[in-house]
Amino acid sequence: MGIELHRAATDGWVETPDGRIHYIFGFTDVTGVPEKNLAGYRGKAELMAPPLVLQVGEEYFVTLTSIGTPTRPDLDDPHTIHYHGFPNQIALYDGVPEASVAVPVGRSFVYYYKPLDPGTYMYHCHHEPVEHIQMGMVGPLVVRPADYNPAHPDYKTAYGHGTGTEYDREYYMFLNELDCVIHHQVETVQEPDWTEYRPTYWLINGRSYPDTVAIDTGGRLRLQPWPALIRANAGEKVLLRFVNLGFEQHALMLLGAAFRVIGIDGMRPLGLNGEDLSFYKNIIFIAPGQSYDAVFTAPQARPGESYPLTLPLYNRNLTKNTTGGTEPGGMITEVQVFAPGGLPPQAEPNQP
Amino acid sequence: MPDVHLWATDGYISTPDGKSIYIWGFTDQEGGSARLPGPLIIIKQNAPPRKTTVNVSLTNNLDVPVSLLFPGQEEVRVHGRRVQPQYENGALVSLANFARPGETITYTFTAAGPGTFLYESGTNPHQQVPMGLYGSIIVRPWDYEPDSGEFQTAYGAGTGTEFQREYLLVLSELDPGLHQALETGGNYDIRGFKPRYWTINGRCANDTMLPDHAAHLPNQPHGSMVMMEPGERVLLRYACAGSANHPLHPHGNHTRLVGLDGRLLQNRIGPTIHDLSYKRFTVLVGAGQTYDQIYTWTGLGFDPVSRPIPTTLPNIRNVVIGHTGMTFWNGSPYLGEKRELPPDVVSFNEKGEYHFMLHSHAEPEITNWGAFPGGLMTMIAVYPEGTLDEHHGRLPVEST
Ligand SMILES: [Cu+2]
Ligand SMILES: [Cu+2]
């Protein structure tokens, strides 16, 4: 009964375009991996964490196994999964160590979710959340509506048939920052002073530009397997699922097309009596712990222009478009618009 | 509405990591110590067409001038005249008429609408407000009636703002360098303002979860534990007295925002009401701003007999419980049930209630000088039906 998913908590390393590597904690997807093979995933945490994609009405049994941190064998911190935004949750499945249980190294715990509300959410570890969130135990969580059917354009929606939230392609825009000094302190068993938090890298889907627009998912980016390059055919509707699990506010701007905000924090903007409060924006201004669903229509080439068109998407907090102090870098990516019919239909989220 | 008398004075607060911090603040007791935040002023509006006029006298026992601002209130006057910014030799010295050391000044304002508001010093505010010279005002609608159902509302009957319990959470940041400089007469460069503590109702976590009037926190009399029963509509009033913005995230459910800055989120066009309230799981609580929200929690219907949880609870020896030596957990998946916890863990669970964290998601703000846990963090405690004492979450109709 129900759908079984499995995440392992461990550590790993990520790379920024300046060639530096950074120690992380994180999750990896071990769904279907036999117990005896889990040790093979030690040290393979991914940033961002592998998305949890659920559907309204289904039952999910998400097992978290803590498989240890090979770079910090001394570390006995437990981990949890907090499904951030799940309405009416009970304490046991909420993943807050102070209010229920946490998972020590070598043990597992099963979280049960039966989502009732579609939308964009997030999940993260809640043990010493300031440390475990910054270290990378963060990922997006999507709940599809009960009637979701990607083969039928009226039913390929964010919030259900008839809600005006149809789209042709969807991309995670998962935002966070990385303070390389703090990551080094955690690697070398020092206690960070979190009031000195000062990020040096700004990431979309775990990558800093130009890695954001690289489509490869292996090699030096094998533990950061999520490109942030957005591709669409002219006239298509593109859903961007913004999640901020950094500690700063961000202002993501798209040049050349407007966003229609169709969801905030997993809720359609609706008044008490169903008033449609969706609205247009050029910049998605998003605080830590918030999510935004924004749809834009890929523009047509004007006479004299040729495909593909390129629309920049970047952080209007301009100092965040840097990689370790050099620019351009950080939270920059791009939208590439192809001629109608140029790209085949998208099979998976974020597939460029 | 009785007249309010506030004294601006100094005092000390304490932090959970054992520090004693010098503050400036307000008290409503002559000769008393400064409190953080200042005394809560609750006003019930007069039935229309009568205006609701409030007199607030300020006696200044500090050795610098102090004033009061009443953002969002109307017709703010001193001695019958509109308050004005004050200049000396052409230089701005205060955003409002002030009391010099030893003086008393009386402000009058009209509480034109219900909602949650702040009062704060308008004199050297970049220094005096973070030092603690701030407090809150709740204005109740004229038809407010506690325990009445449709008349126990934030914004008046028929506005969709009915509630059964209410909690006020006043946020601020604290840079001990500023406080030390003003205590010792040392120098302080405001460009270096760097918060090391963050407070809810003047306290840092885990003190936020202690009851009101905790004996060792005489100048920080208010906790911020949100206590409720399933299905109750809880009015959460956030007010940010700080200079920064704080993304507050309650576990357990979204909130519905029904009022901002003491204004109902509703447009009336002719006879038609357009509701503009909205639901969020994280609210960015902006500097100087207030947010009135309705929070409810109903649970998922789990019950040990009729609907057991679909997973097996692991042996408590195979999970970590209370890694800091204490836990809020009831040891059971079920509301109202208490089960065995590890013997070396102190339980703060009373009646098998659930606890849901309410905290800043700018996570460095949930530390005390960089050490977790601390700062902008508290709990929402959902008690089994019929077990939570009535007085929790009941603020008076009016302050006396
Ligand atoms: Cu963790
Ligand atoms: Cu969260």
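The values are calculated or read from the model by the stated rules, or taken from the named source; none is laboratory data. If you're wondering where the values come from, they're calculated on a predicted model, not measured in any experiment. Reconstructed Cβ throughout: ideal geometry from the backbone, glycine too, with neighbour counts over all protein chains shown. For the accessible areas, the whole protein counts, side chains as well, though only heavy atoms, and no ligand, DNA or RNA atoms are used. Shrake-Rupley method; radii C 1.70, N 1.55, O 1.52, S 1.80 Å.
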Item to complete: Mind listing just one residue for me: the one in the range A:286-323 that is more than 26 Å from the chain's Cα centre (by Cα) and of a type in the set (S, T, N, Q) and, of those, nearest to A:Arg241 (Cα to Cα)?
Response: A:Gln300
Worksheet item: What number of residues in the range B:171-198 are crowded, with 19+ Cβ neighbours inside 10 Å and either assigned to a strand (DSSP E or B) or among the β-branched types (Val, Ile, Thr) (or both)?
Response: 6
Discussion item. Only one of A:Glu131, A:Glu166 is within 16 Å of ligand 2 (Cβ to nearest atom), surrounded by fewer than 22 Cβ atoms within 10 Å (Cβ to Cβ), outside the structural domain of A:Tyr209 (by TED's automatic domain parsing) and of a type in the set (D, E, K, R). Can you tell me which?
Written reply: A:Glu131
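Yes/no per residue for (1) polar (S, T, N, Q); (2) within 14 Å of chain B (Cβ to nearest Cβ); (3) open to solvent by 30 Å² or more (accessible area, probe 1.4 Å):
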| site | (1), (2), (3) |
| --- | --- |
| A:Arg241 | no, no, no |
| A:Asn273 | yes, yes, yes |
| A:Tyr280 | no, no, yes |
| A:Phe285 | no, yes, yes |
| A:Ser291 | yes, yes, no |
| A:Arg302 | no, no, yes |
| A:Leu311 | no, no, no |
| A:Pro328 | no, no, yes |
Worksheet item: In the list A:Thr69, A:Thr80, A:Thr28, which residue meets the criterion of being within 12 Å of ligand 1 (Cβ to nearest atom), within 20 Å of the chain's Cα centre (by Cα), within 17 Å of A:Ile133 (Cα to Cα) and modelled with pLDDT of 95 or more?
Response: A:Thr80
Discussion item. Tell me yes or no: at least one residue of the range B:232-241 is in contact (Cβ under 8 Å) with a residue 40 or more places away in the chain and over 30 Å from B:Glu353 (Cβ atoms).
Written reply: no
Fill in: Within the range B:296-318, considering residues that are open to solvent by 40 Å² or more (accessible area, probe 1.4 Å) and of a type in the set (Gly, Ala, Ser), the one farthest from the other protein chains (Cβ to nearest Cβ)
B:Ser306
Worksheet entry | Qualifying positions in the range B:305-333 - assigned to a loop (DSSP other than H, G, I, E, B), more than 36 Å from the chain's Cα centre (by Cα) and closer than 19 Å to A:Val62 by Cα | B:Pro308, B:Pro310, B:Thr311, B:Thr312, B:Leu313, B:Pro314, B:Asn315
Fill in: Enumeration of residues in the range B:244-295 that are more than 7 Å from every other protein chain (Cβ to nearest Cβ) and over 17 Å from the mean Cα position of the chain (by Cα)
B:Arg256, B:Arg263, B:Leu264, B:Leu265, B:Gln266, B:Asn267, B:Arg268, B:Ile269, B:Gly270, B:Pro271, B:Thr272, B:Ile273
Fill in: Meets criteria (within 16 Å of ligand 2 (Cβ to nearest atom) and either open to solvent by 10 Å² or more (accessible area, probe 1.4 Å) or within 12 Å of another protein chain (Cβ to nearest Cβ) (or both)) for A:Leu245
yes
Practice prompt. Give A:Ala39, A:Ala45 a once-over and let me know the one that is over 20 Å from A:Pro225 (Cβ atoms), more than 9 Å from chain B (Cβ to nearest Cβ) and among the hydrophobic types (A, V, I, L, M, F, W, C).
Written response: A:Ala39
